[in-house]
Amino acid sequence: MAIPSARSFLASNPIVPVVVLEELDAAVPTAQALLAGGITSAEITFRTAVAADAIAAISEQVPEMAVGAGTVINAEQARQALSAGAQFIVSPGWSSAVADVASEAEVPYLPGIANPTDIMAALSYGLDTVKFFPAVALGGLPVVKAFAGPFPQLKFMPTGGINTENLAEWLGSPVIAAVGGSWMVAGKLLRAGKFEDVTRISAAAMALAKQIVEQKEAK
């Protein structure tokens, strides 16, 4: 089975927050705070012990939120995430094992790519959108534009170093489908329970993102 395209999903989610949850109790309030700020997706990283339970809690209690699993590096994690209710899977790099699970489950998969070899592996699975990670450290938008030359069928979701200062540069490019970022869900905010700040920052980010996308589409 083919892996579903993430492109239509990202069209309505120009910002995909990368959420690192250390405490399960913060999962639902974080999702609700993002939603209140107009952000309707969240990538819960599998870097912490509560990740699967957090995805399950958000999936059950905040059904308006499209919750996915991030930092998925093997098939076991992918299956665990999907069992918890993950609606999409994101990896820091390419994994054919994770791609196989996503294909079986028919859920979008956004693998991290860093070079043409990664891209060609993704294309072999029929993917039309990939993650570019770590975006700024790997050379930024010029590198993505260089990749887009030989691979014009692809769109990219850069993650790593994205913030309000460079959002317009990234999201304004026609080769960018969406961006991933964590500035609205910084660990210090979640640990302190400052969910009103998450909402405020999310609302500002989405207002800027919508303006950028509208200008891009008008060109």
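Ratio of Rg to Rh for region 127-167, alpha carbon only, Kirkwood?
Radius of gyration over Kirkwood radius for region 127-167 works out to 0.97.
Please say if the chain is rounded, prolate or oblate, where rounded means a/c under 1.5 for a ≥ b ≥ c the square roots of the C-alpha gyration tensor eigenvalues, and otherwise the choice is prolate for a/b larger than b/c and oblate otherwise? Intermediate results must be reported in sequence, preceding the final value.
Working: a/c = 1.77, a/b = 1.14, b/c = 1.56.
Oblate.
At 0.36 nm per residue, and after removing the present C-alpha to C-alpha distance, how many nm does the segment from ALA36 to ALA168 gain when stretched out fully? All intermediate terms of the calculation are to be shown ahead of the outcome.
Details: separation 132, 0.36 × 132 = 47.52 nm, distance 2.25 nm.
Value of the extension gain: 45.3 nm.
Which value in nm describes the separation of the simple spin-label points at ASP128 and GLN215, placed 7 Å from the Cα toward the beta carbon?
Distance between label points: 2.7 nm.
Evaluate the relative contact order of the chain (contact order divided by residue number), counting alpha-carbon pairs under 8 angstrom at least 6 apart; express in whole percent. Could you put the intermediate results ahead of the total?
Working: 431 pairs, mean separation 52.2, N = 219.
About 24 percent, as a whole number.
Specify whether the C-alpha gyration tensor of region 103-219 places it in the rounded, prolate or oblate class, a ≥ b ≥ c being the square roots of the eigenvalues: rounded for a/c under 1.5, otherwise prolate if a/b is larger than b/c and oblate if not.
Details: a/c = 1.96, a/b = 1.51, b/c = 1.29.
Prolate, since a/c reaches 1.5 and a/b exceeds b/c.
Multiply the residue separation of LYS194 and ALA2 by 0.36 nm, subtract the distance between their alpha-carbon atoms, and state the gained length in nm to one decimal. Spell out each step's value before the answer.
Values: separation 192, 0.36 × 192 = 69.12 nm, distance 4.09 nm.
Working it through step by step, the gained length comes to 65.0 nm.
Over the chain, with a Gaussian network built from C-alpha contacts below 10 Å, which listed residue (GLN32, GLN87, GLN61) shows the highest mean-square fluctuation?
Judging by the Gaussian network model, the answer is GLN61.
Could you work out the helix-only [θ] at 222 nm for the chain, with each DSSP H run of four or more residues adding -39,500 (n - 2.57) and the total divided by the number of residues, to the nearest 500 deg cm²/dmol? Before the final figure, lay out the partial values.
Details: 10 runs with 96 residues, N = 219.
Counting only the DSSP helices, I get -12500 deg cm²/dmol.
I want to verify a result. In a Gaussian network model of the chain, Cα cutoff 10 Å, which of these has the top mean-square fluctuation: ALA121, ALA27, ALA205?
Comparing ALA121, ALA27, ALA205 in the GNM, the peak value goes to ALA121.
Obtain the nm distance between the two label points defined at VAL28 and GLU106 by a simple spin-label model: each point lies 7 Å from its Cα along the Cα-to-C-beta direction.
3.1 nm
If you stretched the chain out fully between GLN153 and ALA204, how much longer would it get, using 0.36 nm times the residue separation minus the C-alpha to C-alpha distance? Walk me through the intermediate numbers first.
Numbers: separation 51, 0.36 × 51 = 18.36 nm, distance 3.12 nm.
Difference between extended and current length: 15.2 nm.
Over the chain, with the other protein chains present, what is the accessible area per residue in square angstrom, probe 1.4 angstrom? Before the final figure, lay out the partial values.
Numbers: 9300 Å² over 219 residues.
About 42 Å² of surface per residue is accessible.
For a quick check, take a GNM of the chain with Cα springs below 10 Å and name the residue from VAL143, VAL101, VAL18 with the largest mean-square fluctuation.
Of VAL143, VAL101, VAL18, the most mobile in the Gaussian network model is VAL143.
For an R0 of 25 angstrom, estimate the FRET efficiency from the Cβ-Cβ distance between GLU76 and ARG47 and round to the nearest 0.05.
On the way: r = 15 Å, r/R0 = 0.60.
It comes to 0.95.
Does region 1-80 come out rounded, prolate or oblate by the C-alpha gyration tensor, with a ≥ b ≥ c the root eigenvalues, rounded set by a/c under 1.5 and, if not, prolate when a/b is larger than b/c and oblate if not? Let's see the in-between values first.
Numbers: a/c = 1.84, a/b = 1.04, b/c = 1.78.
Oblate shape, in that a/c is at least 1.5 and b/c is the bigger or equal ratio.
Amide H of VAL16 versus every other amide H placed in the peptide plane: which residues, excluding those fewer than 5 positions away on the same chain, fall under 5 Å?
Under 5 Å from the amide H of VAL16: VAL179, GLY180, GLY181.
The values are calculated or read from the model by the stated rules, or taken from the named source; none is laboratory data. Nothing here was measured: the structure is a model prediction, and the numbers come from that model. Virtual Cβ from ideal backbone geometry, glycine too; neighbours counted across all protein chains shown. To get the accessible areas, we keep the full protein, side chains included, count just its heavy atoms, and leave off ligands, DNA and RNA. Shrake-Rupley method; radii C 1.70, N 1.55, O 1.52, S 1.80 Å.
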